[in-house]
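Undergrad: Got a structure for you, questions after.
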Amino acid sequence: MKSNKRPSLTLVAAALALACAGMSSAQAAAKIVINNLNAPGVGFNDPTPAAPVGGNTGTTLGQQRLIAFTHAANIWGATLTSSVPIVINAQFRPLSCTATSAVLGSAGATQVFGGFPGAPKADTWYSYALANKLYGSEISDSPGAQINANFNSELGKSNCLAGSSFYLGLDANEGNNIDFVATLLHEMGHGLGFQTFTNGQTGAPLAGYPSVWDHYLLDNTTNKLWVDMTNAERAASALKPGGLSWTGPKVTAAVPSVLTATAQLRVIGAGAASSAGDLYAVGEADFGPKIDKSPLTGQIAAVALQPDSPGSACTPFNAANAEAVRRKIALVSRGTCGFAVKVKNAQNAGAIGVIVADNAPGAVAGMGGADPSITIPALRVTQADGAMIAASLVKANANPMGTVGKFERSKTLISGADAARRITMFTPNPYQPGSSVSHYNTTATRNQLMEPSINADLTHTVTAPTDLTLELFKDIGW
Ligand SMILES: [Zn+2]
């Protein structure tokens with residue numbers, strides 16, 4: 001690289017009116033300044049009266065939103081170090097939604113820089129805020145906010161995750177609502193550097209140069225790093241669920257203290273193919289008891305008239321199904337209703353555990369939902385694995401021992417990590433623009449701040465042994 005400082009590229013259009021900007025700042029090891037871009041009367045300026053909630057003393061909706069933002073900025077500001085203030089342009093505006101899902105927020109760096117004095121990796125893009133920190137002073141010839149952040153103003157309307165809303169308390173006690181502070185911490189995380197600027201869909205690096213992330217992204221089936229791949233190889237690796245690992249030493253060292261051993265389902269007995277039991281990959285539930293060191297063991301019974309097509313369990317069990325699952329592990333099918341509804345119906349029928357089999361092809365994933373009255377554990381398996389388990393039930397039909405399931409934790413594998421115990425990234429197939437690659441895998445347990453969805457059990461801690469976000473920031477130069 002010839003120049004000391006590569007010309008900046010603007011990634012996000014910055015034609016934003018500043019006339020109505022209100023500023024509030026958070027004093028810490030890094031100073032984070034919130035630049036409120038909402039017009040009077042809306043978003044962060046919404047004058048709707050609001051009652052104090054969860055330690056948030058604002059008296060209007062807008063005030064409470066800004067107080068929550070300042071709270072989140074203080075958390076990042078106390079965690080990171082930079083001699084250059086970090087300015088975040090922030091606003092509420094409509095983002096994409098449906099009746100059952102919503103983009104809560106989106107954020108990213110406004111500019112990227114490479115080839116500057118202080119850059120740990122040569123010829124490599126860094127986010128604006130991180131480049132400023134590494135450079136030690138303002139790096140841009142056209143300085144501005146380092147981060148753009150948007151939050152969904154439509155959330156809770158009938159066409160936008162109807163009935164839900166941002167919880168504005170500061171105590172992570174959001175109940176069935178969505179924790180705004182966690183959402184803010186997540187979006188700020190992207191803006192601070194939790195993103196690659198390489199296009200994961202085409203594999204093309206930004207302007208021909210890699211991002212700092214690309215030095216740490218490894219295809220764990222070909223054992224090649226993104227920086228050493230062709231565009232086609234990168235794009236292929238972004239479509240391998242569990243196949244793209246983060247190799248940074250800080251994250252990897254912290255993985256065993258943050259993530260739990262992988263939950264798995266072992267199927268033993270007359271229907272199993274292997275005498276040691278058949279092992280199935282599972283997703284865990286956000287509700288009910290965790291699979292801990294004392295594994296659950298019990299006979300498996302399918303909920304349906306036909307054991308090879310388990311029922312959806314969306315309504316209270318009829319007498320035949322209740323008789324079938326009593327003191328057993330119920331095998332039910334995904335679909336029609338929420339995961340927690342199925343598990344509660346099985347529990348009410350006397351089941352001791354639940355296996356939810358997917359009703360469509362895809363990678364194994366966790367189960368969202370909440371119901372504090374659920375006291376039995378549940379695991380989710382793929383559609384193909386569900387069919388194999390159902391087949392083992394049929395095979396063992398005449399055998400009094402039946403087919404036995406064991407909910408247990410692996411002695412070698414860590415949830416969300418590869419066989420070498422490195423965390424993996426979110427790489428679903430098909431590709432999800434805006435989500436793929438630039439998040440941790442949804443199979444990580446405990447849930448991580450930088451997974452693509454905001455999970456109900458997140459705390460506001462961004463450091464190990466709770467969370468791996470800061471460790472990744474250390475890997476890339478923070
Ligand atoms: Zn995100």
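Undergrad: Under 5 Å between amide H atoms, partner at least 5 residues away or on a different chain: which partners does Ala50 have, H built in plane at 1.01 Å?
TA: For Ala50, the qualifying residues are Thr60, Leu61.
Undergrad: Output the relative contact order of the chain, whole-number percent, from Cα pairs under 8 angstrom with separation of 6+ residues.
TA: 15
Undergrad: Leaving out same-chain residues fewer than 8 places away, which lysines sit with a Cα under 19 Å from that of Lys406?
TA: Straight-distance partners of Lys406: Lys290, Lys293, Lys328, Lys395.
Undergrad: If you don't mind, there's one more thing I want to ask. Rounded, prolate or oblate: which fits the range 407-478 when a ≥ b ≥ c are the square roots of the eigenvalues of the alpha-carbon gyration tensor, with rounded for a/c under 1.5 and prolate only if a/b beats b/c?
TA: rounded
Undergrad: Find which of Asn152, Gly118, Pro372 sits farthest along the positive direction of the dipole of the chain, computed with +1 on the beta-carbon of Lys and Arg, -1 on that of Asp and Glu, about the Cα centre.
TA: It is Pro372.
Undergrad: Near the amide H of Gly114, under 5 Å away, which other amide H atoms are found, from residues 5 or more places off or on another chain, if H is placed in the peptide plane?
TA: Arg6, Tyr126
Undergrad: Test of understanding: what is the full-extension gain from Ala270 to Arg326, defined as 0.36 nm times their sequence separation minus their Cα-Cα distance?
TA: 18.1 nm
Undergrad: Arg421 to Ser373: extension gain in nm, 0.36 nm per residue of separation minus the Cα-Cα distance?
TA: 13.9 nm
Undergrad: When the helices in the chain are scored as -39500 (n - 2.57) per DSSP H run of 4 or longer and the sum is shared across all residues, what 222 nm value do you end up with, to the nearest 500 deg cm²/dmol?
TA: -6000 deg cm²/dmol
Undergrad: What net charge do the residues around Gly54 carry, taking every other residue with its C-beta under 10 Å from that of Gly54, with Lys and Arg at +1 and Asp and Glu at -1?
TA: -3
Undergrad: Sticking with this structure for a sec: Just add up the charged neighbours of His186: K/R +1, D/E -1, any other residue whose Cβ is under 12 Å from the Cβ of His186.
TA: -4
Undergrad: I need the calculated FRET efficiency for the pair Asp292 and Asp228, taking r as the beta carbon distance and R₀ as 45 Å, to the nearest 0.05.
TA: Step by step, r from the Cβ atoms, then E = 0.65.
Undergrad: If you don't mind, there's one more thing I want to ask. How big is the dipole moment of the range 119-174 about its Cα centre under a simple scheme where the beta carbon of each Lys and Arg is +1, that of each Asp and Glu is -1, and everything else is neutral? Debye, nearest 20, please.
TA: 80
Undergrad: At 0.36 nm per residue, and after removing the present C-alpha to C-alpha distance, how many nm does the segment from Val341 to Thr315 gain when stretched out fully?
TA: Gain on extension, Val341 to Thr315, equals 8.5 nm.
Undergrad: Compute, for the chain, the length of the dipole vector about the Cα centre, with Cβ point charges of +1 (Lys, Arg) and -1 (Asp, Glu) only. Units Debye, rounded to 20.
TA: With only Lys, Arg, Asp and Glu charged at Cβ, the dipole is about 560 debye.
Undergrad: With all protein chains present and a 1.4 Å probe, how do Asp371, Asp358 order by accessible area, largest first?
TA: Asp371, Asp358
Undergrad: Output wanted: per-residue J couplings in Hz (rounded whole) for the range 331-336, from phi through Karplus 6.51 cos²θ - 1.76 cosθ + 1.60, θ = phi - 60°, x for Gly and Pro.
TA: Once θ is set to phi - 60°, the couplings for the range 331-336 become 9, 10, 9, 5, x, 6 Hz.
Undergrad: Of the options Ile476, Ile329, Val255, report the single residue whose Cα projects farthest towards the positive end of the charge dipole of the chain (beta-carbon charges: Lys, Arg +1; Asp, Glu -1).
TA: Ile329
Undergrad: Just to check I understand the Karplus step: with θ = phi - 60° and J = 6.51 cos²θ - 1.76 cosθ + 1.60, what whole-Hz values come out for the range 314-329, glycine and proline as x?
TA: Once rounded to whole Hz, the list reads 8, 10, x, 5, 6, 4, 5, 5, 4, 5, 5, 9, 4, 6, 10, 8.
Undergrad: Sorted by accessible area with a 1.4 angstrom probe, largest first, how do Thr183, Thr412 fall?
TA: Sorted by accessible area, descending: Thr412, Thr183.
Undergrad: Once you put a point 7 Å from the Cα of Thr59 and another 7 Å from the Cα of Lys31, both along the Cβ direction, what distance in nm separates them?
TA: 3.0
Undergrad: Under a Cβ-Cβ cut-off of 13 Å, what is the net charge of the residues other than Lys250 that fall near it, where Lys and Arg count +1 and Asp and Glu count -1?
TA: It works out to a net charge of -1.
Undergrad: Can I ask one more? Within the chain, what percent of beta bridges assigned by DSSP are antiparallel, to the nearest 5?
TA: Just about 60 percent of them are antiparallel.
Undergrad: Moving on to the next point. Can you list the residues, at least 5 places off or on another chain, whose amide H is less than 5 Å from the amide H of Thr262, using H built in the peptide plane?
TA: Ser410, Leu413, Ile414, Ser415
Undergrad: Further question on the same structure: Excluding residues fewer than 8 places away in the same chain, name every one of the lysines whose C-alpha is closer than 20 Å to that of Lys224.
TA: Filter leaves Lys121, Lys240, Lys250.
The values are calculated or read from the model by the stated rules, or taken from the named source; none is laboratory data. Just so it is clear, the structure is predicted and the values come from calculations on it, not from any experiment. Glycine gets a Cβ as well: all are built from the backbone with ideal geometry, and neighbour counts include every protein chain shown. The accessibility values were calculated without ligands, DNA or RNA, using every heavy atom of the protein model including side chains. Shrake-Rupley method; radii C 1.70, N 1.55, O 1.52, S 1.80 Å.
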